[in-house]
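Written below as structure tokens is the structure these notes are about.
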Amino acid sequence: MSSFTDTFNTYNWDDTLQSIFSKTESDVLRALGNSKRDLEDFRALISPAAKPYLEDMAQLSRALTKKRFGNTIQMYSPMYLSNECQNICTYCGFSMTNKIPRRTLTDTEILKEVAYIKSKGYDHILLVTGEANKTVGVEYIKNALQLIRSHFSNITIEVQPLDQKDYEELIDNGLFAVLVYQETYHRDEYKKHHPKGKKSNFNYRLETPDRLGKAGIHKIGLGALFGLEDWRADSFFTALHLKYLQKTYWKTKYSISFPRLRPHSGGLDPKVEMTDPDLVQLICAFRLLDEDVELSMSTRESEVFRNNIVNLGVTSISAESKTNPGGYAVAPESLEQFEISDERSTEAVASMLKSKGLEVVWKDWANNWE
Ligand code: SF4
């Protein structure tokens, strides 16, 4: 059966990178002037040649976002259910060989966390687990969905990639969206960072959005972990993935996230640095490529950076995130997956958004569109 792998295999990493770096000022000006932009325009917009045009990109991105999403921004909260993991990922505090106390929330603990998150006003939740089939497999996630579905309008998960039939079962139990980041689209680097466990299977992960699309999921979130490889090439492949999925599973909606490597227990330094202006350029480039795609910004980024980016194209933002299971109300002292950067309260972030003329939306966009 055909999948994104077929498309992906027709591309070469080095050629892709070289084509991005060879873009000129006239390519950038053409991309800025086009009313509909394609992947060639995207290459130009993420190229070094576009750097002097960052302000033009920001203005266009702001205008397109306002046209499509109005003066609104959606807020969501992540809830970590477990830090058990059978994978080794070089960049993650939950990696199997890290000697940390492991914890998986019970039903009572899940409901305690839910009560805290609800008290803050959230109506859209992101459930996160490590990848441990025995502890947090399909049955555990299904049970969590059943437990909390009456409390939230939308439930998104970021858990191990699953088979199509598993996704179908979870959708029947209230699943709304799935985030699955490829981490890096560079096959060899991917192998280095995922030496052990199910996650070491590059193709299975790459084809996860295909299985989700076939299962009829409402929304899929894509992204790469910036720092593992060159951010420009990884972003191009993310955009390629997005365009393939939109064409193939056109009923599904899509979001893009922009995680940069953060310090964690057993830390890894970024191989390739992505600066703040690079990240602004990338967010604007995605908005210019696609007016409809949702762009999400987590608390990995600093308070100052998030304050500046919210008017430039981002459509959803988390706040007060805890990246440890039970971190809100059950076990606030347990070890985090990574250190968050913006530690402000939900109320402080909401009031910052209001001060910038943005109305906070607590449900997913889908509830406003349909
Ligand atoms: S990134 Fe995910 S799969 Fe990898 S070690 Fe961390 S929790 Fe496990």
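Derivation of every value follows stated rules applied to the coordinates shown; laboratory data play no part. Remember, predicted model here, so these are calculated numbers, not experimental data. Counting neighbours? That spans all protein chains shown, and the Cβs are built from the backbone with ideal geometry, glycine included.
Identify the GluC sites (Glu not before Pro) of the range 192-289 meeting these criteria: DSSP loop state and at most 15 other C-beta atoms within 10 Å of the C-beta. Passing both the DSSP loop test and the Cβ count: GLU273.
Between ALA329 and LYS356, what FRET efficiency follows from the Cβ-Cβ distance if R0 is 22 Å, with the result rounded to 0.05? Once rounded, the FRET efficiency stands at 0.15.
Here's how it looks for MET79: its modeled amide H is under 5 Å from those of LEU126, LEU127, VAL128, which are all 5 or more places away or on a different chain. Above 13 Å, the calculated P(r) of the range 245-302 contains 69 percent of its Cα-Cα pairs. Over the range 105-149, the ratio between the Cα radius of gyration and 2.2 N^0.38 Å evaluates to 1.18.
Looking at the square roots a ≥ b ≥ c of the eigenvalues of the Cα gyration tensor of the range 129-180, which shape do they give, rounded for a/c under 1.5, prolate if a/b is larger than b/c, or oblate? It would help to have the intermediate numbers written out before the result.
Details: a/c = 1.57, a/b = 1.41, b/c = 1.11.
Prolate is the answer for the range 129-180, as a/c is 1.5 or above and a/b outweighs b/c.
At 222 nm, what helix-only mean residue ellipticity would the chain give, in deg cm²/dmol to the nearest 500, using -39500 (n - 2.57) for each DSSP H run of four or more? Write down the numbers at each step before the final one.
Values: 17 runs with 156 residues, N = 370.
Calculated from helices alone, the mean residue ellipticity at 222 nm is -12000 deg cm²/dmol.
Rounded to the nearest 0.05, what FRET efficiency is calculated for LYS118 and SER302 with R0 set to 35 Å and r the Cβ-Cβ distance?
Details: r = 27 Å, r/R0 = 0.78.
Between LYS118 and SER302 the formula returns 0.80.
Here the simple spin-label model places points 7 Å from the Cα toward Cβ, and for ASP292 and ASN34 these points are separated by 1.8 nm. Which value, in Å to one decimal place, does the Kirkwood hydrodynamic radius take for the chain when every pair of different Cα atoms is included? That comes to 20.8 Å for the chain.
With a threshold of 26 Å on the Cα-Cα distance, the over-threshold entries among LYS112/LYS196; LYS112/LYS251; LYS36/LYS271; LYS198/LYS219; LYS67/LYS322 are LYS112/LYS196; LYS112/LYS251; LYS36/LYS271; LYS67/LYS322. Short-range pairs are left out: with C-alpha atoms under 8 Å and at least six residues apart, the relative contact order of the range 1-60 is 33 percent.
Is the shape of the range 128-233 rounded, prolate or oblate, going by the alpha carbon gyration tensor and its root eigenvalues a ≥ b ≥ c, with a/c under 1.5 for rounded and a/b larger than b/c for prolate? In terms of gyration-tensor shape, prolate.
Over the range 29-105, the fraction of Cα-Cα pairs per 5 Å bin, rounded to whole percents and listed from the shortest bin up, is 3, 11, 14, 12, 7, 8, 9, 13, 14, 7, 1.
DSSP beta bridges fully contained in the chain are about 5 percent antiparallel.
Every Cα-Cα pair in the range 212-254 was counted, and those over 14 Å apart are 50% of them. Note on the chain: with a GNM built from Cα contacts shorter than 10 Å, the maximum mean-square fluctuation among LEU312, LEU212, LEU39 falls on LEU39.
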